Every structure is written in C-alpha cells, then in structure tokens.
Amino acid sequence: MTDRRRARRKAAWRRRRLVLLLMSPWLVGFSVFFGYPLAMSVYLSFTHYDLLSSPRWIGFANYQYLFHTDQQIWPAVSNTLWMIGVAVPLQVLFAFGIALMVSRARSGVGIFRTIFYLPALAPPVAATLGFVYLLNPATGPVNVTLSHLGIQGPLWFQSPQWAKPSLVLLAVWGVGNTMIIFLAAIHDVPRHLYESAELDGAGPWQRLRWVTLPSISPIILFAVVLGVIQGLQYFTQAYVAANVASGQASQAGDLPANLGYPEGSTLFYPILLYQHGFRYFNMGYASAMAMLLLAVSFLVTLVIIVNSRRWVHYAGAAR
Amino acid sequence: MRRMRIAVVVAAALALAAAAAAAAPKGKAGPTKLTVWVGWSSATHELKSFKSLVAEYDAKHSEVQVDVVGNINDDKILAAIRGGNAPDVVSSFTPSNVGSFCTSGAWIDLAPYLNKDHINVDIFPKATQYYTQYAGKRCALPLLADTFGLYYNRTLFKKAGLTRPPKTMSELAAYAKKLTQKNADGSLKVVGYTPFSGFYDGAPVKAIRNAQSWAAQFMDAKGHSILGSDPAWAKALKWQKNLIDWYGYSKLVRFQAGLGDEFSASNAFELGKLAMAEDGEWRVAFIQNEHPGLQYGTAPMPVADDHPQLYGSGYINGTIIGIPKGVKHGDQAWALVKYLTTNSHFLAQFSNEIRNVPTTKASLTSPEIKPDPHFATFLKIFGNPKSTTSPITAVGAAYQDLIENFVVKYQAGHAKDLVGGLKNVDKQIDAQLAQAKKGGRVP
C-alpha cells in the first residue's frame, strides 16, 4: 500500500517536474523581466533614488508629493484620459469599419487589405516624423493644399488645441493590426446565422447589430482593453512629435527640454514619468508614478472586463 | 621500443618549445585605451575638430590611445555608469545637472587630482567655477564656455536705415518691428527678432537666459524661488509678450514652423529670414562654414531700459567634463582631462575651430586665439564681471522646466494672471527643492 502510494507520488512529482521544466523559460522570463522589476519598483517608490547612489528610504514622501504637490500630474492624467477617451473608440470604430468594408469588397480584397494594413508596418518614430512633416503649419502638404482652397489650416502639432487631435489622426491611420483581427473575426461569423436572420426578415443593419456585433464582441473587448492599456502607456509618438514640432532643434548632446510641447498639451503620464526618471534622475518618484499607473491600469481593465459581461458574447459559453 | 623513442623525442621537443616560449621576452603591452564621450554631433564640424585636436594629444602620449565618441547625452552617460561600463572621460552640455553628478558621486571628485597637481581652480573664471561644482564638491571642469549675444544682419539693417545694434529692450522691440517684412497675404516674410521662448533654444531657453538682461533674480539668499516677488520677471515677460502680440502669436508660430533646423545650413538667421537672433558664440563658426558671405555683426544682448549698466554682459553656460564613477584608468583619464581643460594651446586651438569661449584666464588672452571681430564680442561678454549663469540646484534642470512651462503658456496668451502665475511657479520650485532634500544627500 505504502509502496504503491510512494510510486504514485514519485510519478506525480516527475510529472510536475516535467511541467516545471517545460514552463521554465516563461517562469524565468516572468520573474527576471517582470516580477523582479515590479518588486523593485514598489520598493523604490518609497525611496529617494537618483539612479547612481544607493536608494534612501523616505516613506510616503513620494506619494505625498504625487497626490498633494506635483501640479503637473493632473494635466498629464487628463491628457492621457483624453487620449484614451477619444483615440480608443475611434481606433476601434475605424478598424471595425474598414474590416467590414474590406470583407464586403467583391474584388481587390487583397489589395485593400494590404493598403489598409501597410501603415501598421511603419515604425512609430518614422510615422510620427512623417505626420509632423505632413502637418507642418507653414510648409506641410496638408496646409499648402488647404491654402490653395482658400482655407487657412490649423497649427496642428504647434497648437495646444490641435496637437492631441493630430496624434489621434496618427493613431487612427495606424489601425492596420486591429483591422486584420476584426477582418478575421468577421469572416469567422457562421454563415448560417446570417441566413437564419435573413429568413426572419432581418435587414443589413439588423444583421450587423444582432449577428455580426455579438459574434465579434470578444474581439471588440480585446481591442478596447488593448487600446486602453496602450493609451495608458502612450509615449513614443508624443515624445517624437513634441521634439520635432517644437523646432527646438538641439545638438545630440542636449536632452529634450520640450516634452509636452506645445504648452503641455502632449504631456502624457508616461512622458512625465520618463521626465522625472531620466531627465531629473528622480527614479524614486518615477517609481511612485509607475505604481499609480499600474493601479489605474489594473482598475480600468477590471472595470472594462466586469462591465463586458453584459455585452460580450462567447460562442462556446454556457449562457 | 621505436615508438617509445619517438614519443620521448616529441615530448622533449614540445617541452623545449614551451620553455622557449615562456623564456621569450613578452611583447610590450599596448597603449591604454581611453574612451571619451562628448555631446558634439557628428553632423556638425565640432566633433571632427575635437577629434583632430585630441589626436594631437594621442600622438604625443604613446602610453594611451584615445577614442572619442560623439552624440552623447546625459541619459547615455548615466546608463553607462549604472551598467558599470562607463568610458574614462565624460562631458555634458547640461551644467545644470552638475548637482546630480556631484552629489550622487556619478562623476568623481576631482579635488584630490587637482591638489596632487597643484592646480588652483582660480585659473578658471568665476562663472565657470560655479557651474562645475555643487555644494563645494568639484566633480567637473569647464571645457570651453558659451556666452550669448545678439547677431544682426547688416544687409537688412542697412535696408531699414539702422546703423548700430540695439542696446536696450525698447530699442530691440522697435528695431524688430522696423526690420520685419510681410508677404502680400499678411504672413511674415522676415522677422526682426523673435522673443519666443523655446524656439531655436537648447536648454536653457530664452526666458531663463534673458533673466540676466533684466537683472531678474531666480532665488533669494535662502534658496527660495522669487520669480513672483521680483518685478523684473514680470517686466521681462510682458515685454516678450507685447512683441509676440505685435506679430500675432499664430502668425509667428506659423512662420517659425516653416524655418530650417537650428544646427544646419538652413538656420533662419543664416538665410536672412531673421534679421536679429539671440545665439551662442558658436554661430560664428557655423556661419563661417555654411554662409561665409553673410554680412552680419555681433553685439551684447540689449538690456532692460532701467539697467543700462548691464550692457556688455550676458548669460554664460558651457560644456563640462569629468571622470565617471568606476573609471578603469583614473590617472590616465585625469591626465587627459587636465590637458583638455588647462592646456592653453589646446583650448585656443579648439576655440579657434568651433568658436566657443576658451575657459582658462590664460587661454582667453592666448596669442594663439585667431582674432575675429565677430567672436571678440563674446570674449568680452565672457570677461564682463556682470555676466552670470543660472542657479545650479539639486533638481538639475527641473526648475527651469517649470519656469518654461509657465512662460510658454503666458506667451501664447493662455495664462492671464502673470504675477499670480509666477508665484505659483515659485511654489512649485520650492516644493521640488524640498522634495529633493528629503533624499538626505542635498545640503
């Protein structure tokens, strides 16, 4: 009896060892590149750390400064929320709309798919540089064309009112990845559902509303969650656009002094975090900011997922 | 048996060869490799000049081989120091970061080296002494300095009937208006002078630099920010905004957006699109290289009307150089830093090449400095006892960013309460400094 139990235990242990062995690349990667940095970040958020000398414990001072003193936090938060609130719905809408149109195209589907997907291949820095050039208020092709039509174009990246919308344009232009996923999901909707709906007398709009949308709702959820998380981490495009558009050309040795240009309108939360960490060498405070960002990301995702139970339909689900 | 004999012979031969190899004199160890990181860009003539002058040092010192790397900023320096693979010598364009470099120990204290070689820092002018140390700890030395002055286009001046550069801020504004030309559609064709803070500005921006011309103070004796209580700041910013409003904010932004890169041959002053520009002394060399035919003059920046005594002075800043923590060849690195910062011949030659101001008192008057009336203006500004720099603090450039954040809002007309806004900036700077002190390292 005991021998058999021992043998069974041994076999179970061997199985577990194999599982652990197979999972080890992920486990090592997770602990080294995620677990350890996360734990360190939590610790550093309670310290004064200039990246060079050892961190010094200062308790909640960073958090107090974050919530009570730093006047740049709330503009950065509101810019970030603006970006999420405007760019994410537009991205999802455009990606879905393009996918829907491409899926309906009778001919040239491959060409359209490629054309709409191509922008997603442009590296973010190159794409941003391109947009800053296109939208240059004085010499950019967009404003030059508008001026031929007798319209004075806006200041785009040079104006606090237009800088964020310009970044939204850039974001919407690059929805290729999401569009491809939507396209696959639309193609995946079972034909018979459309046929049944048609038999019931459903028109195109009703088929879209009651068949397509529920069927692809998990993909919409995926796109929204991903968009929100990317929005919370929005950095590269804003960083490049502010630097280039400000005309504050600098030598290679200068650190960019114009993040958030113009007038702080593109100062997103991650940019402010970067500024504190790597321009002011105040990594303790930057870590405290990162903790807040983590908490907010977690909460927002949680809210979306909990809320999604009402509108996301899983084909294989019991309910 | 025969096999055995062969084996013995082979073994003996191998042993002999090994012994001979061991006994042979070892090849002389090669020169120590020193790496120097600098901020000058490979896109300009400046990096090339530095490399060629360092090559002279290299040739005279067979014990070292110096490798110069350009395009470096403070981010890269810190990352390398943290990663334990810092070069032997580092330099930065941002002296306002010297507070962080010195207090953190990222750049090592140079006092022991200076004492050992009996070098008194009084060989450097006062302002450069100030921005290369923090709280008594000297972790950097100046490697040529920058001073700012006014560049004016003589051809455009002549057309407008102007014969001399402006000396006061009222004159500057009047000249700017007179020199400005508009297109038929009302857009700006040539701008007399753009006081726009942030445009064609590395750090620090115009608003910070021009405080000097208005005698505006940043901090009181206790280190508290006093922008809101020193009326000179409000005066300076009102003057700036009035001129921007005269052009029309939107028109000026549109005009500026169409101009070429500051550090390129398309620089707007060099192309005659700006009749006057506030710029560093380096522009003399850029103009010489890019537009040698440009008819221009240089002068000190105009000063506030009620402070005529300040005329002739200016804002001083500069490149700093030091040795990073964890340096592998400290003595050789110091020998090179000493040469680059105190050798009159090197400083004069480098100054001639990139037209930056040499940074020892001896090199300032070196007969090797090529006379050039454009550049001489900046040497005079540098030597003027009223020339100043901005405060070096524990928060590096962070306080300057807070000032600039407010100034850009004000110049755009989006901050109505000037004094209230400045007082709020004071509050933020004081809070920032207090927060830095919580780290315990800042005095």
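Just so it is clear, none of the values below were taken in a lab; they were calculated from the coordinates. Computed from a predicted structure; not experimentally measured. Virtual Cβ from ideal backbone geometry, glycine too; neighbours counted across all protein chains shown.
Tell me the trypsin sites (Lys or Arg not before Pro) within region A:88-136 that lie in a loop according to DSSP and have at most 12 other beta-carbon atoms within 10 Å.
Details: sites: A:R104, A:R106, A:R113; in loops: A:R106.
In loop regions of region A:88-136 (DSSP not H, G, I, E or B), the sparsely surrounded trypsin sites (Lys or Arg not before Pro) are A:R106.
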query = If you count the DSSP beta bridges with both ends in the protein assembly as shown, what percent of them are antiparallel, to the nearest 5?
reply = 70
key: Cut-off under 5 Å, modelled amide H: who pairs with B:M219 long-range   = B:I226
ask   = Can you work out ³J(HN,Hα) from phi for every residue in region B:340-348, in order, using Karplus 6.51 cos²θ - 1.76 cosθ + 1.60 and θ = phi - 60°, giving whole Hz and x for Gly and Pro?
value = 5, 9, 10, 7, 4, 4, 4, 4, 5
ask   = When the distances between all Cα atoms of region B:133-265 are binned every 10 Å from zero, what whole-number percent does each bin get?
value = 10, 33, 35, 16, 6, 1
query = Can you list residues whose amide H is under 5 Å from B:L143's amide H, if they're 5+ apart or on another chain and H is modeled 1.01 Å from N?
reply = B:T319, B:I320, B:I321
query = How large is the helix-only mean residue ellipticity at 222 nm for chain B, computed as the sum of -39500 (n - 2.57) over DSSP H runs with n ≥ 4, divided by its residue count, in deg cm²/dmol to the nearest 500?
reply = -13000 deg cm²/dmol
ask   = So what J values fall out for region B:258-264 if you push phi through Karplus, 6.51 cos²θ - 1.76 cosθ + 1.60 with θ = phi - 60°, rounded to Hz, Gly and Pro as x?
value = x, 8, x, 5, 4, 9, 8
message = Just to be sure I understand: with springs between alpha-carbon atoms less than 10 Å apart, which residue in A:A12, A:A76, A:A288 has the highest mean-square fluctuation in the Gaussian network model of chain A?
response = A:A12
ask   = To the nearest 20 debye, what charge dipole does chain A have about its Cα centre, counting +1 at the Cβ of each Lys and Arg and -1 at the Cβ of each Asp and Glu?
value = 2120
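Counting alpha carbon pairs within less than 8 Å and at least 6 residues apart, what relative contact order, in whole percent, applies to chain B?
Working: 726 pairs, mean separation 107.2, N = 443.
Over chain B, the number comes to 24 percent.
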request  = Express as a percent, rounded to the nearest 5, the fraction of DSSP beta bridges in chain B (both residues included) that run antiparallel.
outcome  = 65
task = Set Lys and Arg Cβ to +1 and Asp and Glu Cβ to -1, take the dipole of region B:130-260 about its Cα centre, and tell me which of B:S225, B:W214, B:L141 lies farthest positive.
result = B:W214
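Which GluC sites (Glu not before Pro) from region B:348-443 combine a DSSP loop assignment with at most 16 other Cβ atoms within 10 Å? Could you put the intermediate results ahead of the total?
Details: sites: B:E353, B:E368, B:E404; in loops: B:E368.
In loop regions of region B:348-443 (DSSP not H, G, I, E or B), the sparsely surrounded GluC sites (Glu not before Pro) are B:E368.
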request  = Just the number, please: Stokes-Einstein D of chain B in µm²/s, Kirkwood Rh from C-alpha pairs, 10 °C, 1.306 mPa s.
outcome  = 66
query = When the distances between all Cα atoms of region A:71-310 are binned every 10 Å from zero, what whole-number percent does each bin get?
reply = 7, 26, 30, 22, 12, 3, 1
key: Amide H within-cut-off set for B:L34, under 5 Å, with H built and near neighbours excluded   = B:Q65, B:V66, B:D67
query = Under the Karplus relation 6.51 cos²θ - 1.76 cosθ + 1.60, θ = phi - 60°, what is the ordered set of whole-Hz ³J(HN,Hα) values for region B:166-173, x standing for Gly and Pro?
reply = x, 10, 10, 5, 5, 5, 4, 5
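Mind listing which trypsin sites (Lys or Arg not before Pro) in region B:162-260 are in a DSSP loop and have 15 or fewer other Cβ atoms within 10 Å? Present the calculation step by step, with values, prior to reporting the outcome.
On the way: sites: B:K167, B:K177, B:K178, B:K182, B:K189, B:K206, B:R209, B:K222, B:K235, B:K238, B:K241, B:K251, B:R254; in loops: B:K167, B:K222.
Answer in residue order: B:K222.
If you take all C-alpha pairs in the protein assembly as shown, what percent of them are over 46 Å apart? Before the final figure, lay out each step's value.
Values: 100952 of 289941 pairs.
The proportion of pairs with Cα distances above 46 Å equals 35 percent.
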